[in-house]
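First the structure, in the form of structure tokens, and then the observations on it.
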Amino acid sequence: MPLDISVPALTAITAVVTAAAIWLIILAVRLTRNPRNRPSPSSDLVDQARELKALGQIRDAVFLVRGETGMSQRAAARFVSRL
């Protein structure tokens, strides 16, 4: 007994499966780029960044935090501004 699936139904099923696959790929990429268990910045890094900020070298402080932690530009800038 062969399955009798119409062309529109087959097209709809294909579209749903493709959309689900794309959604899973996007989710996997986002989770890879934003790991949940990052170590917290060391106290030495915080002290160095705070000192650079006090000297007015905010860009250097953000660069330092990004290099040591792997934070994004936005997250590192937010981190430095909160010191």
Computed about the Cα centre, the charge dipole of the chain from +1 Lys/Arg and -1 Asp/Glu charges at the Cβ has a magnitude in debye, to the nearest 20, of 300 debye
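Counting Lys and Arg as +1 and Asp and Glu as -1, what is the net charge of the other residues whose Cβ lies under 11 Å from the Cβ of GLN48?
-3
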How high is the relative contact order of the chain, in percent, counting Cα pairs under 8 Å that sit 6 or more residues apart?
20 percent
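Rg/Rh for the chain: what does it come to with C-alpha atoms and Rh from Kirkwood?
Over the Cα atoms of the chain, Rg/Rh equals 1.44.
Return the inverse of the average 1/r over all pairs of distinct C-alpha atoms in the range 36-83, which is the Kirkwood hydrodynamic radius, in Å to one decimal.
10.4 Å
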What is the sum of charges, Lys and Arg at +1 and Asp and Glu at -1, for the other residues whose Cβ falls under 11 Å from the Cβ of ARG66?
0
Inter-label distance, nm, simple model (7 Å from Cα along the C-beta direction), LEU24/LEU83:
4.3 nm
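FYI, it's all coordinate maths here, none of it is from the lab. Quick caveat: nothing in here was measured; it's all calculated off a predicted structure. Using ideal geometry, Cβ is built from the backbone for each residue, glycine included, and neighbour counts are taken over all protein chains shown.
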